[in-house]
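Taking it in order: structure first as structure tokens, then the write-up.
Each value in this text was obtained by applying a stated rule to the coordinates, not by laboratory testing. Fair warning: this is a prediction, and the values are worked out from it, not measured in the lab. Because the Cβ atoms are built from the backbone with ideal geometry, glycine has one as well, and the counts that use them run over all protein chains shown.
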Amino acid sequence: MKRKILILGAGWYGCHIGLYLKDTGHNVTIFEKESKIFFGASGFNQFRLHKGFHYPRSSETIYEIQKNYKKFIKKYRNFIYYPKNNLYCIAKKISLIDAKTYEIILKSHYLDYKKKYNHKLSNIEAAFIVKEGVINNEKIINFYNKKLKKNLVLNSNIKNLKNLKKNYDFIIDCTNNTFSNNLTKDFNYLLTISVVYKKKNKIITPITVMDGDLPSLYPYSGKKGYYTLTHAKYTHIKKFKSFKLLNKYKKKMSKKRLGNIVDKMENSMISFYPTFKKDLIYKGFYFSYKVLPNETSAKRTISIKKENNTISCSSPKIANIFAFEDYIKKIIK
């Protein structure tokens, strides 16, 4: 049966589900409050296509990532590239797990790697070369702009859904819990910062230091020669109980506070990668946000809830779009 469906949010989740429903014959409209698609967290993140290496302390997260990764590769293969010598490193002394334990976890989940013995890093117990991809956001944005040209309604800032619920068979909230919290869970809204660098003349190796409050240097999507520096501690500037409070705080942040955060991130990376400032030049930063359940575990799985004809979803991982697609398939036929 052909259904009339409204989707809120034109990021990864809204566009992927919208195209799936359109291709299966439904009447789909996608409302996006911004003037462009992928203008929220989907357009401002680390662009890493996770395989599971990042979450050694959550088997549940690794299983979910691996399941959805295969589907992601099948559909979006042309929008991914794999940097050479992509390193995951276990820090000496301060890592939450040691190198031997990390290897045991990788092997138990059949995550392929090669040990890297010759490197110029400091304070590292062990380094592993892995095949983990980078998502080319510019290509995926162009793809969805073409595929969903007749379905997208930009600059559509909806205040409430009361009247809209009567006009649609289903409303799917893909705003990552930023429109309203329909998931009856306690969530934190984390204001984040990613610092952008451009390499000088040297070949730069992606470096992710594990495991705990440690830094990561990763290619910046489709921007050749550019990298983002993030940090498990300093990237998360402050957490809030609502998205509104997050945005209010972001607008008032001082240059001094931002400068202090950047300095801490750089100094942390330099302790492992001593020539960091010699090899790369600072080019700026961008804000974004994460929406995470208020819990202490390292779990990063998907949350979904249906209430009457409204379906809401929140997930910190891009590849989990397929877990949401599986759910939608069962509900909308």
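Numbers at a glance
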{"quantity": "Cα convex hull volume per residue for the range 202-333 (Å³)", "calculated": "158 Å³"}
{"quantity": "FRET efficiency, Ser122 to Leu96 (Cβ-Cβ, R0 22 Å, nearest 0.05)", "calculated": "0.70"}
{"quantity": "Antiparallel DSSP beta bridges within the chain, percent to nearest 5", "calculated": "70 percent"}
{"quantity": "Summed residue charge, Cβ within 14 Å of Ile261's Cβ, Lys/Arg positive, Asp/Glu negative", "calculated": "+4"}
{"quantity": "The range 87-104 versus the range 37-58: alpha-carbon centroid distance in Å", "calculated": "21 Å"}
{"quantity": "Dipole-positive endmost among Ile158, Phe53, Cys89 within the chain (Cβ charges, Cα centre)", "calculated": "Ile158"}
{"quantity": "Segment Asp23-Ile281, length gained on full extension (0.36 nm per residue, minus Cα span)", "calculated": "88.4 nm"}
{"quantity": "Shape parameters for the chain, alpha-carbon atoms, Rg then Dmax in Å", "calculated": "20.3, 64"}
{"quantity": "Base-10 log of normalised Debye intensity for the range 101-155 (one unit scatterer per alpha-carbon) at q = 0.26 Å⁻¹", "calculated": "-1.08"}
{"quantity": "Principal axis dimensions, largest first and in whole angstrom, of the range 1-123 by Cα", "calculated": "56, 31, 26"}
{"quantity": "Relative intensity, log₁₀ I(q)/I(0), of the range 121-230 from a Debye sum that treats every alpha carbon as a point, q = 0.17, 0.20 Å⁻¹", "calculated": "-1.09, -1.22"}
{"quantity": "For the range 1-19 and the range 235-280, distance of Cα centres in Å", "calculated": "34 Å"}
